[in-house]
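Below: the structure, in structure tokens.
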Amino acid sequence: MNVHDKYKPLTFWERTYLPRIWDGLVLTMRHFFFNLWHFFLASIGVQREWKGAVTYQYPEVRRPIWPRLRTLHRLTKREDGTPRCVACMMCETVCPAKCIYIVAGERPEKQIEKYPLQFDIDLGKCVFCGYCVEACPEDAIRMDTGILEFAAYGRNGMLLTKEMLLSFVPKKEHYTARPDLEARPAPAPRLSEA
Amino acid sequence: MSEIIATALKILFFVLVFVFSTAALLTWVERKQSALMQDRVGANRAKIFGLRLWGLFHIIADSLKMFLKEDFRPQGAEKLLFLLAPGISMFFAIAAFAAIPFADVLVVGGTAHVMQIAALDVGILYVFATMSMAVYGVVLGAWASNNNYSLMGGLRASAQMISYEVGIGVSIIGVLLVFQTVNLQEIVRAQGALLGGWLPKWGILYQPIGFLLFFTTGLAETKRIPFDAPEGESEIIGYHVEFTSMRFGVYFLTDLIETVLIACITVTLFLGGWQVPYLTAAGFEFPWGVSLALSNLTVTVLQFLGFSLKVAVLLWFMMLIRWTLPRFRYDQVMALGWKILLPLALLNIFVTAAIILFV
Ligand code: SF4
Ligand code: SF4
């Protein structure tokens, strides 16, 4: 519709509203009968899917998520299993919600001086901005677990500890629901992975 | 004595079984139909033993939820009225069903029983009298909750209901003029006659404008979209904003019962009530000469089924309207009621009366 259409004076029949109301009713009625027919076909097993319905039957069928979607955080590990994080406090500093708490510990080796003794994220405050991921110089924190369900009954349940963050793994299965994306050539490995 | 038992049975059957189950079913129909209209699947989560039945168990789940939710009473609320108000609304909505005829006469053991809870001669007047009382439940509930916003909502609701009460009353006078009676059973019987030997003489043929006006004002009476300015309890603060759990549930159910009521009255006045085309007291008599004799019981059952079917179609249509049109602004509601519907209804009376008088 042209934007300026709404400034046009209405015609007589438009001003009575009745033909327009009828048009609207016919439109919704058409959707109703189309969907009713396909619902009927689906319920007697002729059709496997619901034509027209755009709803995902949530707990059973999950909507494919975009690979770049920011889901629950995780901490990545080195080959030897130690956390990649060097407790530089970059993420804690950049976090706009001030929901990351890091306590740094000292490491005996000379190349890597620090590691996180404690690394908590308070999801009750997190706004999922992803700044922590961007700020990290070590690629130690990522938001690619594919976990979207983390509701809890209390505020304590919203606290992610270092152990939990380290135990999460990237969820690839959630991404495979988009074969078109899977078929693309894999991106070049990040510097820290190489 | 047998009269009392018969009446009790009729109340049990028509009000408790028919009206309540239709209203309860409407909560499901509403969710499912809106889903179909909007390309969704709709409520289907509730299940018993793995059985989902297209979400029919949501009726049970909904009512359980209503009973189990916190029953909140605001500070300083008028205790008695706060308790009674939803009930008042519901009582009058149900009481109106007493005069609705749902079939002709059923002969049991030699006595003829009129299939109408109270065979009132003033039928339609009684229905309108009770219907107009429903506004007390609304305004008392709004006042008793000790909340100025809900009081405003209640005033808004009662202003709308009373304005449309005028329109709805005037819009049926045309029908009364055509059938020359206010007895609902008589009105339905008169609609059984055939016009030109084949066309059932339903009220809508004589009063198409009256039908439109009655239906529109009736929709406004039920306080449903597009006239649901009183209802939006969350977004525009309606009269029942302080009502929780089953107190709210009763208001909610009252709305649905009123919807059924409006559908029943529309069917009775305009769509031939329990008349099934070509079905007379003795059986089917088709205009092309074929006839089929049926027993009195079969005829009564068929008449009731015909009545239910018409009510069901009308309810479906009301739901269709509800999920298609947007909400009217409050001043538009008032302007439509007083400046358009009421003058049209008056004009309809004059034209009808002139035609009856001179033709
Ligand atoms: S996503 Fe944003 S708010 Fe959440 S922890 Fe990271 S920086 Fe803080
Ligand atoms: S920015 Fe990275 S390395 Fe630095 S503390 Fe945060 S997670 Fe650890």
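Observations, loosely collected:
- Taking the criterion of being open to solvent by 40 Å² or more (accessible area, probe 1.4 Å), more than 12 Å from every other protein chain (Cβ to nearest Cβ) and within 19 Å of B:PHE214 (Cβ to Cβ), the residues of segment B:304-333 that qualify are B:ALA312, B:VAL313.
- Within segment B:49-107, the set of residues being part of a loop (DSSP other than H, G, I, E, B), crowded, with 19+ Cβ neighbours inside 10 Å and not aromatic (Phe, Trp, Tyr) comprises B:ILE100, B:PRO101, B:ALA103, B:ASP104.
- Only residues that are within 8 Å of ligand 2 (Cβ to nearest atom) and open to solvent by 40 Å² or more (accessible area, probe 1.4 Å) were counted in segment A:128-153, giving 2.
- Residue list for segment A:98-115, restricted to those being touching a strand residue (DSSP E or B) at 6+ places or on another chain (Cβ under 7 Å) and within 15 Å of ligand 1 (Cβ to nearest atom): A:CYS99, A:ILE100, A:TYR101, A:ILE102
- Candidates A:CYS132, A:CYS136 - the one that is hydrophobic (A, V, I, L, M, F, W, C), near ligand 1 (Cβ under 8 Å from one of its atoms) and in contact (Cβ under 8 Å) with a residue 12 or more places away in the chain: A:CYS132
- Applying the criterion of being part of a strand (DSSP E or B) and among the hydrophobic types (A, V, I, L, M, F, W, C) to the residues of segment A:90-140, the residue that is farthest from A:ALA152 (Cα to Cα) is A:ALA104.
- Hits in segment A:18-57 (condition: surrounded by 14 or more Cβ atoms within 10 Å (Cβ to Cβ) and in a loop (DSSP other than H, G, I, E, B)): A:GLN47, A:TRP50, A:GLY52, A:ALA53, A:THR55
- The helices (runs of 4 or more DSSP H) found entirely in segment B:259-359 that carry 1 or more residues being under 19 Å from B:LEU25 (Cα atoms) and aliphatic (A, V, I, L, M) are B:296-322.
- Condition check for B:ILE349: within 16 Å of the chain's Cα centre (by Cα) and surrounded by 15 or more Cβ atoms within 10 Å (Cβ to Cβ): no
- The lone exception for A:GLY105 - which of (1) over 24 Å from A:LYS171 (Cβ atoms); (2) open to solvent by less than 40 Å² (accessible area, probe 1.4 Å); (3) within 8 Å of ligand 2 (Cβ to nearest atom) it fails: (3)
- Residue match in segment A:142-150 (condition: in contact with a Gly (Cβ under 9 Å, 6 or more places away or on another chain), at pLDDT below 90 and more than 12 Å from ligand 1 (Cβ to nearest atom)): yes
- Residues being farther than 18 Å from B:ARG52 by Cα, at the interface with another protein chain (Cβ under 8 Å from one of its Cβ atoms) and modelled with pLDDT of 80 or more - total across segment A:28-61: 5
- Test: B:PHE248 is open to solvent by less than 10 Å² (accessible area, probe 1.4 Å), of a type in the set (A, V, I, L, M, F, W, C) and in contact (Cβ under 8 Å) with a residue 60 or more places away in the chain: no
- Top-ranked residue in segment A:112-127 [being open to solvent by 30 Å² or more (accessible area, probe 1.4 Å) and within 14 Å of ligand 2 (Cβ to nearest atom); ranked as nearest to the chain's Cα centre (by Cα)]: A:GLN118
- Per the conditions (1) assigned to a helix (DSSP H, G or I); (2) farther than 19 Å from B:GLU165 by Cβ; (3) open to solvent by less than 10 Å² (accessible area, probe 1.4 Å), the sole criterion not satisfied by B:GLY232 is (1).
- Within segment A:65-97, the set of residues being touching a strand residue (DSSP E or B) at 6+ places or on another chain (Cβ under 8 Å), in contact (Cβ under 8 Å) with a residue 60 or more places away in the chain and open to solvent by 50 Å² or more (accessible area, probe 1.4 Å) comprises just one member, A:LYS77.
- Hits in segment A:117-129 - residues which are touching a Leu at 6+ places or on another chain (Cβ under 9 Å) and more than 14 Å from ligand 1 (Cβ to nearest atom): none
- Segment B:11-43, residues that are away from chain A (no Cβ under 12 Å) and either touching an Asp or Glu at 6+ places or on another chain (Cβ under 8 Å) or polar (S, T, N, Q) (or both): B:SER21, B:THR22, B:THR27
- With respect to the stated conditions, A:GLU92 fails to be over 30 Å from B:ALA35 (Cα atoms), out of contact with any helix residue (DSSP H, G or I) (no Cβ under 7 Å at 6 or more places or on another chain) and more than 14 Å from ligand 1 (Cβ to nearest atom).
The values are calculated or read from the model by the stated rules, or taken from the named source; none is laboratory data. Note that the structure is predicted; figures quoted are calculated from it, not measured. No Cβ is skipped: glycine too gets one built from the backbone with ideal geometry, and neighbour counts run over all protein chains shown. Calculation scope for accessible area: heavy atoms of the full protein, side chains included, ligands and nucleic acids excluded. Shrake-Rupley method; radii C 1.70, N 1.55, O 1.52, S 1.80 Å.
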